[in-house]
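Trainee: To start, I am sharing the structure in question, which I have written as structure tokens.
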Amino acid sequence: MNTFSAFLIGGASSGSGKTTLTLGLLRALYNRGAKVAPFKCGPDYIDPIIHQKAAHKPSYNLDAFFIPEEDKLVRHFEDCCSEQEVAVVEGVMGLFDGYDRSRGSSAEMAKRLNLPVILVIDAKAVAYSIAAPLWGFRNFDPELNILGVVFNRVGSEHHYQLLRDAAESIGIKPLGYIPKDSRLEISSRHLGLTIDGSFDWETLLEYIAATIEKHVHIDKILTLSQKVAVKSNKRTTPSASREHIVAIARDEAFNFTYQANIDNLAARAVIRYFSPLHDIQLPSCDLLYLPGGYPEFFAEQLASNEAMKQSIRHHAQSGGHIWAECGGMMYLTEALITEDGISHPMVNLLPTKATMEAKKMRLGYRTMTLEGKALRGHEFHYSKLVKPLDEQSVIIFDSKGNPVETDLWHIGHIYAGYTHIYWGEGHSPLELFF
């Protein structure tokens, strides 16, 4: 009977070292020639980009809010694991942190998918006392399978020996450690913050992988986390004739997409990627998809590309359809005002401006009903619109069912808003237009 290894990497808190361990394992397993499937718990769209760099394979989100039906969630996971040898799931925040107590947490996901948990804990400035929080993590939820612990920011072999003794004294397997290392500390300034095209990810990923190979018991993890392999049952979404063409923005400024969304669209339409930064003309298409990203970091370059802006305006004025999310919506406004107060002219299809001045973080899960379709998504941004909608035609709610002030613009064949919609299960943006 075939088996594969699968486990979730959960942190004692944000910043414990989940991403460093995940990236190191993904690259180390890739270097070994293993077929590895990367995953990210929650709605994050940045970590999966870096996962793909490490594993050379798309990373999928696992989110119980996006996919509340347990059978669909399990099927999604199994589909993505089909024909793989290892599934590495990076958790979100602290192990039990969810949008409503532990609902939506890494712990909930581990239980739903029957995955053992590797706990990552920051061991800087602590030794045997680590036994107390470890005991708490092991006993807080008896249904959770804690496979073992990896300690982060360990000062020496002697330090690790003290930590190992603490773990063993309460019955948790020590699975190695990540040493305190300035080169790994540098990585923490980049991971999860921005996708810097000039940053040397290959050198960093290889260094992290070598560190993990040396100090973490990878073979032991793979053996302890083995489970019966799923059948090769990768689904394809039924489509009519793939007669439609979807142009998707993808470059340094626009890159926040869920892989499941891309799979969904690819099964229903022909996809053509383009760059609002570097290209001068929009590809011929029926639907233009402008995802989120960091347009504020490239505002001057986007503003100076008049040919692309004109091409997008021509698409809209000729009856072309547009779906724009967060940064993509900001690009469609009259102007983007950066933190320094400079106004950069954008595409000018929405009668408002986006500003980064007096920025304030807004985030959370969102639900809405659009054209009779129940949609779920996530909002995370620092910008705001100078002129919001006078009257919302679509009411958007948070995870607890409370209405929020987030707007969804609908002008002609354009839909634009701050919410990143998860289209991985069921609906597609094509259904809104065709």
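The values are calculated or read from the model by the stated rules, or taken from the named source; none is laboratory data. Since we're looking at a predicted model, the values are computed, not measured. Reconstructed Cβ throughout: ideal geometry from the backbone, glycine too, with neighbour counts over all protein chains shown. Note: accessible area is taken over every heavy atom of the protein model, side chains too, but ligands, DNA and RNA are not part of it. Shrake-Rupley method; radii C 1.70, N 1.55, O 1.52, S 1.80 Å.
Trainee: Give me the net charge of E243's neighbourhood, meaning all other residues with Cβ under 13 Å from the Cβ of E243; Lys, Arg count +1, Asp, Glu -1.
Mentor: Taking every Cβ under 13 Å from that of E243, the sum is +1.
Trainee: In the full protein assembly as shown, how much of L119 is accessible to a 1.4 Å probe, in Å² to the nearest 10?
Mentor: Near enough 0 Å² of accessible area.
Trainee: Longer than 22 Å from Cα to Cα, which of K40/K214; K72/K173; K18/K124; K173/K220; K35/K180; K18/K173 are they? Say none if no pair is. Let's see the in-between values first.
Mentor: Numbers: K40/K214 25 Å; K72/K173 32 Å; K18/K124 15 Å; K173/K220 10 Å; K35/K180 30 Å; K18/K173 17 Å.
Flagged as over cut-off: K40/K214; K72/K173; K35/K180.
Trainee: Label-point separation (nm) for D200 and F433, each offset 7 Å from Cα along Cα-to-Cβ?
Mentor: Here the modelled spin labels are 4.2 nm apart.
Trainee: What FRET efficiency would be calculated for the residue pair S284, N31, taking the C-beta separation as r and a Förster radius of 30 Å, to the nearest 0.05?
Mentor: 0.15
Trainee: Using 0.36 nm per residue of separation minus the Cα-Cα distance, give me the extension gain between E157 and H314 in nm, one decimal. Don't skip to the answer; put the middle values down first.
Mentor: Values: separation 157, 0.36 × 157 = 56.52 nm, distance 6.39 nm.
Additional length available on full extension: 50.1 nm.
Trainee: Also, I was wondering about something else. Over the chain, what portion of Cα pair distances is larger than 41 Å, expressed as a whole percent?
Mentor: Counting every Cα pair in the chain, those more than 41 Å apart make up 19 percent.
Trainee: Hey, in the GNM for the chain with a 10 angstrom Cα cutoff, which one of P345, P283, P142 fluctuates hardest?
Mentor: Comparing P345, P283, P142 in a Gaussian network model of the chain, the most mobile one is P142.
Trainee: Quick one: accessible surface of R362, probe radius 1.4 Å, all protein chains present, in square angstrom to the nearest 10.
Mentor: 80
Trainee: Please sort by residue number the GluC sites (Glu not before Pro) in segment 371-413 whose DSSP state is loop and whose Cβ has at most 13 other Cβ atoms within 10 Å. Please report the intermediate quantities before stating the final value.
Mentor: Working: sites: E371, E379, E391, E405; in loops: E371, E391, E405.
Taking segment 371-413 and a limit of 13 other Cβ atoms within 10 Å, the loop GluC sites (Glu not before Pro) found are E371, E391, E405.
Trainee: Which lysines, if any, have their Cα less than 25 Å from the Cα of K360, not counting same-chain residues under 8 positions apart?
Mentor: Result set, ordered by chain and number: K384, K387, K400.
Trainee: Let's test the formula: R0 of 45 Å, r as the Cβ-Cβ distance of D165 and M361. What FRET efficiency results, to the nearest 0.05?
Mentor: 0.65
Trainee: Note the direction-averaged projected area, equal to a quarter of the hull surface, for the Cα convex hull of segment 5-141, in nm².
Mentor: Reported value for the Cα convex hull: 8.4 nm².
Trainee: Which one of T333, L375, L350 is farthest out on the positive end of the charge dipole of segment 330-422, using unit charges on Cβ (Lys, Arg +1; Asp, Glu -1) and the Cα centre as origin?
Mentor: Selected residue: L375.
Trainee: Using a 7 Å offset from the Cα along the Cα-to-Cβ direction at both H217 and A266, what is the distance between the two label points in nm, to one decimal?
Mentor: In this crude label model, H217 to A266 measures out at 3.8 nm.
Trainee: Right, something else. Choose one of H413, A132, S399: the residue whose Cα lies farthest towards the positive end of the charge dipole of the chain (beta-carbon charges +1 Lys, Arg; -1 Asp, Glu; about the Cα centre).
Mentor: My answer, from the dipole projection, is A132.
Trainee: A follow-up question, please. Averaged over every viewing direction, what's the projected area of the C-alpha convex hull for segment 326-434? Give it in nm², one decimal, please.
Mentor: Mean shadow area of the hull around the Cα atoms is 7.1 nm².
Trainee: Next question, about the same structure. What does the charge add up to near G11, with Lys and Arg as +1, Asp and Glu as -1, over the other residues with Cβ less than 10 Å from its Cβ?
Mentor: Once all neighbours under 10 Å are counted, the net charge is -2.
Trainee: At a probe radius of 1.4 Å, what is the per-residue accessible area of T3, in Å² to the nearest 10?
Mentor: 70
Trainee: Relative to the present Cα-Cα distance, how much length would full extension add between N402 and E306 at 0.36 nm per residue of separation?
Mentor: Details: separation 96, 0.36 × 96 = 34.56 nm, distance 4.07 nm.
Contour length minus the Cα-Cα distance gives 30.5 nm.
Trainee: Treating the beta-carbon of each Lys and Arg as +1 and of each Asp and Glu as -1, no other charges, what is the dipole magnitude of the chain about its Cα centre, to the nearest 20 debye?
Mentor: I would put it at about 860 debye.
Trainee: Using the heavy atoms of the protein chains and a 1.4 angstrom probe, tell me the accessible area per residue for the chain in square angstrom.
Mentor: Counting only protein heavy atoms, the per-residue value for the chain is 43 Å².
Trainee: Report, for segment 288-425, the % of DSSP beta bridges that are antiparallel, rounded to 5.
Mentor: 65
Trainee: Given a 1.4 Å probe and every protein chain left where it sits, what share in percent of the accessible area of segment 237-375 is carbon and sulfur?
Mentor: Carbon with sulfur: 49 percent of the solvent-accessible area.
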